[in-house]
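**Q** Please find one structure pasted underneath; my questions will follow.
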Amino acid sequence: MELSEKNLFLFDIDGTVSIGEKFIPGGHELLDYIKNTGKKYIFITNNSTRGTKSYIDKFRRMGLETDGMNFVTAATASLRYLSERYKGKKIYTVGTKSFIDELRAGGMIITEKFESGIDCVLVGFDNELTYRKIENACRILSESEADFLATNPDLVCPAPFGFVPDCGSICRMITEAVGREPVFLGKPERLIIDICLEISGCSADETVIVGDRLYTDILSGIKSGIDTAAVLTGETDRQEISRSEYKPNYIFDSVKDILESIRVN
């Protein structure tokens, strides 16, 4: 199926359609075009600093009206995974207040302090990170058999000035200290993609994932049997693509070029 024939577009956010609270040129127009032509888009992000409501508010400030059906986040995937395996169990979470509030609203028992009886440690991208949070996570993982989970392996997150450490980098600190690797729940694992197909009613064949990272966005599409499009406005460049084993089906300089590619004149 050609790109212009796709009915569901799965977009990474940071470095793909926006940086900070500004659209990458062409981003707003592409999303409007998709909606106005009867197609669907869902934002799939590994960024767990915000819950869905926070993302809705963010895009409203940027001039785009969205609703809960437009987002499947690392928090969404984490909540699905935890609900199936850790219902009624105690979870120590390294994450933002927004992330923790969303997990608690979903019925999870979340603690933010070191205490007995913790069944797993969950680490997210935490821009409210403190050393005490890291210390507690290390102590729990060292002194107990609690499972080690994390939202995503992204090493960096795009910022207006360049990049900042993401969840993968936070996890590397913990891994170096305790000698344990986390199980990642977000991209490139296919859970987020499966949720998107479930709520949209679309098939893998009529879906494309658009992102700026090969080892998360593009790999998640490959694992899910979905066409992929890489944009060069974030972490990935053409040299990295040429060296990588994770090859996207399409390469675009930016989302503006995707709009030109799918627009029917």
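The values are calculated or read from the model by the stated rules, or taken from the named source; none is laboratory data. For clarity, every value in this text was computed on a predicted model and none was experimentally measured. Backbone-built Cβ (ideal geometry, glycine too); neighbour counts: all protein chains shown.
**Q** Considering only region 53-69, how many residues are closer than 19 Å to I199 by Cβ and out of contact with any helix residue (DSSP H, G or I) (no Cβ under 6 Å at 6 or more places or on another chain)?
**A** 7
**Q** Let me ask something else. Is there a residue being surrounded by fewer than 19 Cβ atoms within 10 Å (Cβ to Cβ), over 14 Å from V72 (Cβ atoms) and of a type in the set (K, R) anywhere in region 225-243?
**A** yes
**Q** In addition: Which of the numbered conditions does E145 fail, given that it passes all the others? Conditions: (1) farther than 17 Å from I100 by Cα; (2) modelled with pLDDT under 95.
**A** It is condition (2) that E145 fails.
**Q** Okay, next question. Any chance you could count how many residues in region 236-265 are part of a loop (DSSP other than H, G, I, E, B), modelled with pLDDT of 95 or more and over 21 Å from P188 (Cβ atoms)?
**A** 2
**Q** Within region 214-265, take every residue that is hydrophobic (A, V, I, L, M, F, W, C) and under 23 Å from P165 (Cβ atoms) and give me the one that is farthest from the chain's Cα centre (by Cα).
**A** Looking at the filtered set, the residue picked out is L232.
**Q** Shifting gears a bit: Tell me the residue from F43, F125 that is part of a loop (DSSP other than H, G, I, E, B), buried (at least 22 other Cβ atoms within 10 Å of the Cβ), in contact with a strand residue (DSSP E or B) (Cβ under 7 Å, 6 or more places away or on another chain) and in contact (Cβ under 8 Å) with a residue 24 or more places away in the chain, please.
**A** F125
**Q** I need a count of the residues in region 101-119 that are within 13 Å of S83 (Cα to Cα) and either of a type outside the set (A, V, I, L, M, F, W, C) or touching a residue at least 24 places away in the same chain (Cβ under 8 Å) (or both).
**A** Counting residues in region 101-119 that are within 13 Å of S83 (Cα to Cα) and either of a type outside the set (A, V, I, L, M, F, W, C) or touching a residue at least 24 places away in the same chain (Cβ under 8 Å) (or both) gives 6.
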